[in-house]
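S.K.: Sending over a structure as structure tokens; questions will come in a sec.
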Amino acid sequence: MNENPTNHFEEELRRRLRPVEAPEGFTDRLMAALPAQQKPVVVPFTPRVARPFSAARQFGMPAALAASLMVAVLLGVQVSKDRAHDEEVARVEEQKGIAASRELMQALRVTSQKLDLAYEAVNSPPAAGDEENRS
Amino acid sequence: MNLSTAQPMPDSLLAQARAGDRNAFATLVRAHQGSVFSIGLRMLSRRDAAEDLAQDVFLQLYRKLDSIESLEHLGFWLRRVAANLAIDWLRRLPYSATRPLDEGAEVAAQETEQDPLMSRELVRLLGELPPHPRAVMLLRYQEDRDVAEIAAMLDMPVNTVKSHIKRSLTALRGQMIGAKLVVEDSP
């Protein structure tokens, strides 16, 4: 049948390249190397038991949220009050400062006028009557 | 297990192995270990490396049993993984690590031969081929796979497989003739 030399050579290859046996004990070594059987974890079914009514469980979260909101509002109000008080104090202090400044300016003006009068009195020539009286 | 006397396996064996039956898996291993080991041995030219490769292939199989559709698919899958893994190892290993001096006799078929010298020389010359043509020749002549199947296993065009076979046959035959192990005009 195989007159072609290449076909004859191919047959020769097939004959001489037959699979060889795996080493003795190969399967046993492989099976020992396999990872441990991973069985699926079975979680037993436990029906949910109806628990007695508990106001804390039922309203716990809304109550906590409401309390948080209330605290936040109160804190906001307090902060607002503090800020208004601080502003009022600042305003009063500013007015006091302005008044003090005005008083000081008034005092300076009065002092200046008095000094002017004294200067004029010292530097003006004496009147005739005054000389007679002196001698 | 003697490969020549292997009994056909029932399809249920694969399903049993998938279900976690280790004995069924061991039966599948015994049925294919010679083929997988031989691909590793003739690709890597070392018995120890071939056994490591075979073990690696079957461990991969164990992890991917769910993706194996049939016993026919199993055979295809094992040869594909073994051949590609061997090519990959040949790329990574230094040349000397895959060229033992005196394992040629073991790599040849372990049976009474009329001409053991020729078998040894043939296997040696096969080992001289580059990894891809070597894998093609083994899948074609050791595993008796057709060209289209080899192309699918090695993820290469059919024409490339044909080209590898033609060139490798010419080279091997020429070297065997040169060594006077094959007569040029032998029928």
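S.K.: Run the dipole for segment B:32-90 about the Cα centre, Lys and Arg Cβ at +1, Asp and Glu Cβ at -1, nothing else charged, and hand back the magnitude in debye, nearest 20.
M.R.: The calculated dipole for segment B:32-90 is roughly 160 debye.
S.K.: When ranked by the protection proxy of mean other Cβ atoms within 10 Å per residue, highest first, what sequence do the peptides B:154-161, B:139-146 form?
M.R.: Descending mean neighbour count gives B:139-146, B:154-161.
S.K.: OK, next. From the phi of every residue in segment B:48-57, what ³J(HN,Hα) in whole Hz does the Karplus formula 6.51 cos²θ - 1.76 cosθ + 1.60 yield, where θ is phi - 60° and glycine or proline is x?
M.R.: 5, 5, 5, 5, 4, 5, 4, 5, 4, 4
S.K.: With a 1.4 Å probe and all protein chains in place, put B:21, A:28, B:66 in order of accessible area, largest first.
M.R.: Values: B:21 55, A:28 105, B:66 130 Å².
Reading off the accessible areas and sorting them downward yields B:66, A:28, B:21.
S.K.: Take every residue in peptide B:135-142, count the Cβ atoms of other chains within 10 Å of its Cβ, and give the average of those counts.
M.R.: Rounded to a whole number, the mean comes out at 3.
S.K.: In whole Hz, what ³J(HN,Hα) sequence does segment B:145-153 give by Karplus (6.51, -1.76, 1.60; θ = phi - 60°), x for Gly and Pro?
M.R.: Values per residue, Gly and Pro as x: 8, 7, 4, 5, 5, 4, 4, 5, 5 Hz.
S.K.: Quick one: which residues, 5 or more positions from residue A:20 or on another chain, have an amide H under 5 Å from its amide H? H modelled 1.01 Å from N in the peptide plane, none for Pro or chain starts.
M.R.: Amide H neighbours of residue A:20, under 5 Å, 5+ apart: B:38.
S.K.: Right, something else. Take peptide B:37-45, look around each residue's Cβ out to 10 angstrom, count Cβ atoms belonging to other protein chains, and average those counts.
M.R.: On the way: counts 6, 6, 1, 1, 4, 3, 0, 0, 0.
If you average over the peptide's residues, the count of other-chain Cβ atoms is 2.
S.K.: Right, something else. Please give the average number of partner chain Cβ atoms lying within 10 Å of the Cβ of each residue in B:54-60, rounded to a whole number.
M.R.: Details: counts 4, 5, 1, 1, 6, 4, 0.
Per residue, the number of nearby Cβ atoms from other chains is 3 on average.
S.K.: Still on this structure, please answer the following. How big is the A/B interface in buried accessible area, both sides summed, 1.4 Å probe, to the nearest 100 Å²? Don't jump to the answer; show the numbers that get you there.
M.R.: Values: alone 13540 and 11030 Å², together 20940 Å².
Roughly 3600 Å² of accessible surface disappears when A and B pair.
The values are calculated or read from the model by the stated rules, or taken from the named source; none is laboratory data. This one's a predicted model, so the numbers in the text were calculated from it and none came from an experiment. Note that we place each Cβ from the backbone using ideal geometry, even for glycine, and neighbour counts take in every protein chain shown. What goes into the accessible areas is simple: the full protein's heavy atoms, side chains included, and nothing from ligands, DNA or RNA. Shrake-Rupley method; radii C 1.70, N 1.55, O 1.52, S 1.80 Å.
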